[in-house]
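The values are calculated or read from the model by the stated rules, or taken from the named source; none is laboratory data. Given the structure is predicted, the values throughout are model-derived calculations rather than measurements. In this analysis, Cβ positions are derived from the backbone assuming ideal geometry, glycine residues included, and neighbour counts consider all displayed protein chains.
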Amino acid sequence: MKRLIQFAIVSWMLGTILAGADRPAVAGPAWEVETVYHARLPGATAFTAQWRFEVVAREAGPDGEWWHVQVRSVDDQLRTEAHFRLQPETGRLGSVRVREYFRDAWHEYPVLQDEPADVFLMPFGLIPLDFVGRVDAAGQAARESRRTVSRDVPLAPRQAVRRHLEINAGAPDVVAPSSWDAGDGRVAPAPWLTYQITDSLAPGDSRSLTWDRDLPWWLECRSPGRTSRLIAWYPRGVSHAE
Amino acid sequence: MRNRTILTLLVLGICAGVLPAGSDSAQLPYQAWNGHWWPFVDAAMATGRANKPYGSPYNDWEGFFAPFDKYSLALGEAPRWDFWAWELQWHGTPENPEDPNWAEWYGHCNGWSAASVMEIEPNVPGEYNGIYFRVGDKKALLTEAHQGDGSRVFPEDPDVEPISAVLFHVTLVEYLKNLAKPLIIETSLGPQVWNSPCFGYDMTWTDVGNTRQVTTIVHLGRGSEAPDTTSTFVRNLTYEYDLEMDGEVITGGAWRSANPPHFVWEVTIRSAANPYLDYERARLLTDSVLPASLTDDVAENNDTRPTAAEVVHPVFFGRLLDPDYFRLPVEAGETVDVAVHLEKLDKPATATLTDSQGAAVGTVETVDNYQVFHAGKQYEDRDLYLELIPTVPQTNFRNYGFEVTRESLSFFMPHLANADGWTTRMALVGQETEPAEVFFHFYRNAEGGYDKQHFASTLTTLEGGGYRMGLLEEFFPDITPDNERWLRIRSDRQLSGAFLFSNAAYGGNLAAVPLVAAGARKLFFNHLAVDATWWTGISIANPDISHPAQLSLQPYRPDGEAVGDPLELELLPGCRYINMLGTAFPPETLAEAGWIEINADREVAGFELFGTNDLSLFEGVPLQTQGQTTLYTAYIPAESGWWTGISIVNPDAGNTEVRISAYNANGINAYANDPVFQYYAATLDSHMKFVALVDQLFPDPPLGPVVWLKIETVPARPVTGFVLYGNFSEGVLCGYPLVGASERRFRGIVPWLDGTRLIVSNAAGSNTAAVTIAACDAGGATLGTVSSGSISIRTIKRLDPAELFGGTVPAGTAFLRWTSSKNIHLWQEILQDGQGTVVISLDYE
């Protein structure tokens, strides 16, 4: 595990350095998500951001391949970035790192969810990283299921909060299989499975996550405050030759 | 003794199941800076009136030297323009203080909260391009720069359920302690919103059984301090709540505080609510520092009268290190005041307003701590000079300033023609009861700018409710023949008017255009016909004689798609663009275009003129400036040989269904007995145009003939439109814009011209109306009066005044003055010798 973390840190730094040079190595797929942030405060307006998820490194481990994914805004206008590890086959996510720019400086935050798991709710910020892996459901003949994930999440020394995540899986209408491997960025969404996640900490803030059967990232993620949709998929990555 | 007491209490506490369980605290490495919440009352950032309500008095605040003016002047942008106007409209006191969407507690608390944690505190004054920035100015600009910030709110929908005690506790600890991220707390559970930045907390708790009784003191920035504050005072707010515990695990909780918070949020995206504030440019100002020595202002070198700087903006801030002279061009008809603010200078100085000979102009009034020079109404175009003379150069970094106020109403006619057979007839009405002094300004394009022309006028004062009509040569006996002028009429009273163009060489055909009472920055050019038969011309004037206007003319296809490149124009100050569309746009664009949207960065005035290439037919229509959700036509002629076309454009961003209902002479839907068809419906997506002949829309109406049309939109969206009708065999072409209910009047004036018909419409009314028509001579004396008879709701009458007066109007009739018992629409249709035009009746009080 220690080696994995070291690898993650090296990859994070490498990705950052290479991104700074505008020519990172194309290590794997890339995809883009558009998020509409609904106005939540009086007088505020909704705004839209596009995020590019880019696999900047791959790592073969005893439990399968891990992708090191970097997330930045497509136009680089939003000065917040994330990096995480994703196991595309098993649908687990971990080692989430985020940094944000304000007060004229970058602020880096502690690693979130160091240990990979199939459920992750992004606790702060802009980047749409809520995740409930759909791998468990992949083999089920019937995709209707219900489960509760209970965790005592450490909050402070000698203090934790008990959270129950109720996850309901439902099958949307069956549609034609997706053709996401076209390689030209087109997405032909084929909604296959939708999760409804209710967190006991904020029961009104339930999320829904819709998956394609084949893609390793969700098609849509909705909460009362924002709606994110996958808008482009590049199986062989994106060129940085410009 | 003290230790024994504590021990005793502890033992008693344990016996009662109470344990003093612990405490926790967190503090960010920085403190949210204190500042001012900048209430929307008076739009203080734009007006400088940062003192009321709720607030403390601010000693020595800038007052006149408002942050927004400093921003514009320092960055070389036009002050008191879009940036400033937006703030007044959206962050200012509304015109109607009883507006249900307004409350005095509205302000910038969210912008200040966000700025105070996302930006490093400005704590020293600065200077940029000779403009002095106080700490309060800098904080104001940063506050505005964050007023529209995006947020992540906990809970995400707090209007459904405010934040729970557990979510508050967890979010506070997670953000401030674990992530070292600031939070903002909306502290008011009621309808008011009061945001405060949180940068630390102290928590203590006591466990009673499985209940942890928590007292949390949050450390907040203070938003009700003076704009210049750099204080480090902290606002502490205490919240009490219970957490249900399973050992050291929180499993639930509830508020004990009577006033818990509404929600908490973090800043996610920086966004200025005011779209005209540029963050990067604002940072040039907020990061500025004072230089080692004073720098002079951008108007230098203006140390003498011959080198005086021209005043092109209504406000200027400068430095008085040496004499400063300003030249102020004024136009006849303007009433001019100049307010001079020297109160921030540390050395005495004098201000004088003079004419070009150095003689003092007007009167001087001292108001509070500044002077106002009342130059009064101007009766000639001339230059005034403002002289600012320091006794000794100032030594502080503050600015002096002045503000020029010009009062007058302007009315425009973007085209005049009185050469090559053309005549222009002008009709003017004084709309108010008081006499109106009128000042005529003729402009003409010239190399690099405009030429101003003056012609002595036979009309200098229009009596209240008075009316004059005549050819240009009758108003201006010395006027020279020219087809290249445009006209501004200045007055301090409301006027209405119309212009009728005619050319005897082409059969004396008439085209009428109303006097334009206001410019606009978005205009719609609804009719566009350029082919082997038709031509269309456009005339747009820039009435601003100090600043150029940038225009973009974008043609659209009827299906709403933009076609071709927009025509980008720069109209120099006081200049006009006039052209045939066939020259302005390539033929392939015109072949597809149905209408044109005009966007300008300044208010411009314009109209379109169109006709047949042989000029046997032509008509003028003012450019449309705003749509309405319900519109009406005038009378639709049904006689053989007459045709009527209707054109409707949806300039809105959303789509709508346009429903056109046809009514007969009795005010009944011409299809009332049709079980299926009641109205014609056309869906207009954004920027689509609908055009059709009325006969095609409503063939063979069972209860016809059709006399007028009502146009409604569902959902209600403003659309614009106009009607064109005529008779080719009789050589008549008439056109007019569709009208809405707001354009109804109960009295008006109609110029008397042979062939006049009055189209009186009670289509939008709810009660029967009757119109009294008085024939008046040129002096306004009544020569005779007739009545229209009753006009029922939803009906229209087309009246021949001559018939009403028994065959001919009284001798000496110059105009008709009409009054109605109810608000109605009234058009004047003029059909002379087979030529026709339509003008809208002229208002008067």
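If I filter the range A:209-220 for residues that are buried (at least 19 other Cβ atoms within 10 Å of the Cβ) and within 14 Å of chain B (Cβ to nearest Cβ), do I get at least one hit? No, every residue in the range A:209-220 fails to be buried (at least 19 other Cβ atoms within 10 Å of the Cβ) and within 14 Å of chain B (Cβ to nearest Cβ). Selection within the range B:193-210: residues that are more than 9 Å from chain A (Cβ to nearest Cβ) and part of a loop (DSSP other than H, G, I, E, B). The member of this set that is surrounded by the most Cβ atoms within 10 Å (Cβ to Cβ) is B:W194.
Given the condition in contact (Cβ under 8 Å) with a residue 24 or more places away in the chain, farther than 28 Å from B:E829 by Cα and buried (at least 21 other Cβ atoms within 10 Å of the Cβ), answer yes or no: does some residue in the range B:520-531 qualify? Looking for residues that are in contact (Cβ under 8 Å) with a residue 24 or more places away in the chain, farther than 28 Å from B:E829 by Cα and buried (at least 21 other Cβ atoms within 10 Å of the Cβ), one finds none in the range B:520-531, hence no.
Between B:Y175, B:Y128, which is touching a residue at least 12 places away in the same chain (Cβ under 8 Å) and within 11 Å of chain A (Cβ to nearest Cβ)?
Just a single option satisfies the conditions, and that option is B:Y175.
Pairs are defined by a Cβ separation below 7 Å, a sequence spacing of at least 6 or placement on different chains, a first member in the range A:111-127 that is closer than 16 Å to A:W66 by Cα, and a second member that is surrounded by 19 or more Cβ atoms within 10 Å (Cβ to Cβ) and charged (D, E, K, R); the pairs so defined are A:P116/A:R85; A:P116/A:R92; A:A117/A:R92; A:D118/A:R92. Within the range A:46-87, being of a type in the set (S, T, Y) and buried (at least 20 other Cβ atoms within 10 Å of the Cβ) holds for one residue alone: A:T80. With respect to the conditions (1) in contact with a Lys or Arg (Cβ under 7 Å, 6 or more places away or on another chain); (2) outside any loop (DSSP other than H, G, I, E, B); (3) among the hydrophobic types (A, V, I, L, M, F, W, C), B:L141 falls short on a single one, namely (1). Scanning the range B:678-694 for residues that are touching a strand residue (DSSP E or B) at 6+ places or on another chain (Cβ under 7 Å) and not in a strand (DSSP E or B) gives B:Q678, B:Y679, B:H687, B:V694. Consider the range A:28-58 and keep the residues that are outside any strand (DSSP E or B) and at pLDDT 90 or above. The one that is farthest from B:I163 (Cα to Cα) is A:P29.
Within the range A:96-128, being part of a strand (DSSP E or B), within 18 Å of A:F53 (Cα to Cα) and modelled with pLDDT of 95 or more holds for A:V96, A:R97, A:V98, A:R99, A:E100. Within the range B:586-606, the presence of a residue that is touching a residue at least 60 places away in the same chain (Cβ under 8 Å), farther than 30 Å from B:S729 by Cβ and not in a strand (DSSP E or B) is excluded.
Restricting the range B:174-192 to residues that are touching a helix residue (DSSP H, G or I) at 6+ places or on another chain (Cβ under 7 Å) and not in a strand (DSSP E or B), which is surrounded by the fewest Cβ atoms within 10 Å (Cβ to Cβ)?
B:K181
Tell me yes or no: at least one residue of the range A:59-80 is closer than 30 Å to B:N274 by Cβ, outside any loop (DSSP other than H, G, I, E, B) and either more than 14 Å from chain B (Cβ to nearest Cβ) or free of Cβ contacts under 8 Å to residues at least 12 places away in the same chain (or both). Scanning the range A:59-80 turns up at least one residue that is closer than 30 Å to B:N274 by Cβ, outside any loop (DSSP other than H, G, I, E, B) and either more than 14 Å from chain B (Cβ to nearest Cβ) or free of Cβ contacts under 8 Å to residues at least 12 places away in the same chain (or both). In the set B:S116, B:S151, B:S72, B:S164, only one residue is of a type in the set (S, T, Y), more than 9 Å from chain A (Cβ to nearest Cβ) and within 30 Å of B:G190 (Cβ to Cβ); that residue is B:S116. Within the range B:272-298, the residues that satisfy the criterion of being away from every other protein chain (no Cβ under 14 Å), surrounded by 20 or more Cβ atoms within 10 Å (Cβ to Cβ) and either in a loop (DSSP other than H, G, I, E, B) or at pLDDT below 95 (or both) are B:L277, B:S288, B:D297. Inside the range A:98-113, residues that are away from chain B (no Cβ under 12 Å) and surrounded by 15 or more Cβ atoms within 10 Å (Cβ to Cβ) make up a count of 1. If the condition is being among the aliphatic types (A, V, I, L, M), assigned to a strand (DSSP E or B) and modelled with pLDDT of 90 or more, then the range B:607-666 contributes B:L631, B:I646, B:I648, B:V649, B:V658, B:I660, B:A662. Considering only residues in the range A:36-58 that are over 15 Å from the mean Cα position of the chain (by Cα) and charged (D, E, K, R), the one that is farthest from the other protein chains (Cβ to nearest Cβ) turns out to be A:R58.
Checked across the range B:777-785, the condition of being farther than 26 Å from B:G470 by Cβ, of a type outside the set (S, T, N, Q) and out of contact with any Gly (no Cβ under 7 Å at 6 or more places or on another chain) holds for no residue. When the criteria are applied in full, B:V760 meets the requirement of being touching a His at 6+ places or on another chain (Cβ under 8 Å) and either among the β-branched types (V, I, T) or farther than 30 Å from B:V516 by Cβ (or both).
Within the group A:T90, A:T148, which residue is exposed (fewer than 14 other Cβ atoms within 10 Å of the Cβ) and more than 14 Å from chain B (Cβ to nearest Cβ)? Only one candidate passes the filter, namely A:T148. Quick check on the range B:86-108. Is at least one of its residues over 24 Å from the mean Cα position of the chain (by Cα) and not in a loop (DSSP other than H, G, I, E, B)? Looking through the range B:86-108, none of the residues is over 24 Å from the mean Cα position of the chain (by Cα) and not in a loop (DSSP other than H, G, I, E, B). So in the range B:236-251, with the set limited to residues that are under 55 Å from the mean Cα position of the chain (by Cα) and acidic (D, E), which one is nearest to the other protein chains (Cβ to nearest Cβ)? Among residues in the range B:236-251 that are under 55 Å from the mean Cα position of the chain (by Cα) and acidic (D, E), the one nearest to the other protein chains (Cβ to nearest Cβ) is B:D242. Does B:A258 satisfy being at negative phi, within 14 Å of chain A (Cβ to nearest Cβ) and in a loop (DSSP other than H, G, I, E, B)? The answer is no for B:A258. Scanning the range B:455-464 for residues that are surrounded by 14 or more Cβ atoms within 10 Å (Cβ to Cβ) and within 32 Å of the chain's Cα centre (by Cα), we see that the one that is modelled with the lowest pLDDT is B:G464.
Results for (1) part of a strand (DSSP E or B); (2) within 37 Å of the chain's Cα centre (by Cα); (3) at pLDDT 90 or above, shown as yes or no for each residue.
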position: B:L703; (1), (2), (3): no, no, yes
position: B:L709; (1), (2), (3): yes, yes, yes
position: B:T720; (1), (2), (3): yes, yes, yes
position: B:G748; (1), (2), (3): yes, yes, yes
position: B:D754; (1), (2), (3): no, no, no
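Looking only at the range B:231-255, which residues are assigned to a strand (DSSP E or B), loosely packed, with under 13 Cβ neighbours inside 10 Å and not acidic (D, E)? Passing the criteria: B:N236, B:T238.
The residues of the range B:694-726 that are buried (at least 17 other Cβ atoms within 10 Å of the Cβ) and either among the aliphatic types (A, V, I, L, M) or touching an Asp or Glu at 6+ places or on another chain (Cβ under 8 Å) (or both), listed by number, are B:V694, B:L697, B:L703, B:V706, B:V707, B:L709, B:I711, B:T713, B:R717, B:V719, B:V723, B:L724.
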